[in-house]
1. Within segment 86-99, count every residue that is touching a residue at least 24 places away in the same chain (Cβ under 8 Å) and surrounded by 12 or more Cβ atoms within 10 Å (Cβ to Cβ).
2. Looking at (1) more than 19 Å from L108 (Cα to Cα); (2) assigned to a loop (DSSP other than H, G, I, E, B); (3) touching a residue at least 12 places away in the same chain (Cβ under 8 Å); (4) open to solvent by 80 Å² or more (accessible area, probe 1.4 Å), which is the one condition that is false for G73?
3. For the condition open to solvent by less than 30 Å² (accessible area, probe 1.4 Å), part of a helix (DSSP H, G or I) and free of Cβ contacts under 8 Å to residues at least 60 places away in the same chain, what is the one hit in S63, S67, S110?
4. Tell me, which strands (runs of 3 or more DSSP E) wholly within segment 114-222 include 3 or more residues that are open to solvent by 10 Å² or more (accessible area, probe 1.4 Å) and farther than 30 Å from L98 by Cβ?
5. Hey, does segment 76-94 have a residue that's within 22 Å of A205 (Cα to Cα) and touching an Asp or Glu at 6+ places or on another chain (Cβ under 6 Å)?
6. What's the number of the only condition in (1) open to solvent by 80 Å² or more (accessible area, probe 1.4 Å); (2) assigned to a helix (DSSP H, G or I) that K11 fails to meet?
7. Determine the pairs where a residue that is within 18 Å of S204 (Cα to Cα) and outside any helix (DSSP H, G or I), located within segment 27-43, has a partner that is open to solvent by 90 Å² or more (accessible area, probe 1.4 Å) and among the charged types (D, E, K, R) with Cβ atoms under 6 Å apart, the partner being 6 or more residues away or on another chain.
8. Going through segment 76-103 one residue at a time, which ones are in a helix (DSSP H, G or I) and within 14 Å of Y187 (Cβ to Cβ)?
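The values are calculated or read from the model by the stated rules, or taken from the named source; none is laboratory data. Worth saying up front: this structure is predicted, and the values here are computed from it rather than measured. Heads up, the Cβs are rebuilt from the backbone with ideal geometry, glycines too, and the neighbour counts pull from every protein chain shown. These area figures cover heavy atoms from the full protein model, side chains too; ligands, DNA and RNA do not enter into them. Shrake-Rupley method; radii C 1.70, N 1.55, O 1.52, S 1.80 Å.
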Amino acid sequence: MPNITLAPMIKKTYPDFKIGYAIYHNIVVEKSPQMVRGRFQFYQETMMMDLEQTDLLTFPAISEWRSIFKKFGTDPAKYRPSSEALLRRLKKGTSLPLVHSAADINNLLSLQYKIPIGIYDLDQVEGDITIDIGSETTAYEGLNGREVSFNNKILSLDHKGAFGSPIVDSKRTAITEETKHAIQLFYLQPSLPVSEGEKLVTASAEMFNQIHGGDFLSGVSS
């Protein structure tokens, strides 16, 4: 298991910053089963109706993550937290595409908790993981096919460099249907007590495990 640590700049700027994690072994990633697809569709339709009359900033997690971005020097109107980006698509009446079971469950959890969550192929992650702030030279090709600069943006680093963020994740560590081992990172609200963060991560990991099999361990680094 890689160690997951917060860089000094993160802790200095946000002493209560915390990251949840779940590590999965011997999983099976495939087209989402009908149960998951049905639940995902129902949840999206329900959210679309709710969001018609709802300002996204009324969700505490969305507001908090926008303020975190601003504090680190990221404009949340230009680079949105991934959870907010998902909700904005639903607010516009646009359904989220089904990808595969791991991505679909990850998106569902992100919508449910209103926080950014990333999931990565653990075999493509090299060494320990650090949550840090990017510099002018930090960039990678995102899952959206674009080269994204991470200057003054929160990101996750392994020994090869940046591979994930609460904005968009990299192609290098993307989950596929060939993935057997994975790691999920939960960008928890700093205001959330560690005990509540642990409950959220455990419940999420148990749900993921029910669909994908294998075994897991989870926790919170702060």
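1. Going through segment 86-99, the residues touching a residue at least 24 places away in the same chain (Cβ under 8 Å) turn out to be 86-88, 90-91, 93, 95-96, 98.
Still in the list and also surrounded by 12 or more Cβ atoms within 10 Å (Cβ to Cβ): 86-88, 90-91, 95-96, 98.
Matching residues across segment 86-99 total 8.
2. Going through (1) more than 19 Å from L108 (Cα to Cα); (2) assigned to a loop (DSSP other than H, G, I, E, B); (3) touching a residue at least 12 places away in the same chain (Cβ under 8 Å); (4) open to solvent by 80 Å² or more (accessible area, probe 1.4 Å) one by one, G73 breaks only (4).
3. On the way: S63 fails: open to solvent by less than 30 Å² (accessible area, probe 1.4 Å); S67 fails: open to solvent by less than 30 Å² (accessible area, probe 1.4 Å).
Only one candidate passes the filter, namely S110.
4. Details: elements: 117-121, 129-133, 139-141, 147-149, 154-158, 161-164, 182-187, 215-221.
Qualifying strands (runs of 3 or more DSSP E): 129-133.
5. No; the residues of segment 76-94 include none that is within 22 Å of A205 (Cα to Cα) and touching an Asp or Glu at 6+ places or on another chain (Cβ under 6 Å).
6. So the condition that K11 fails would be (1).
7. V29/E177
8. S82, S83, E84, A85, L86
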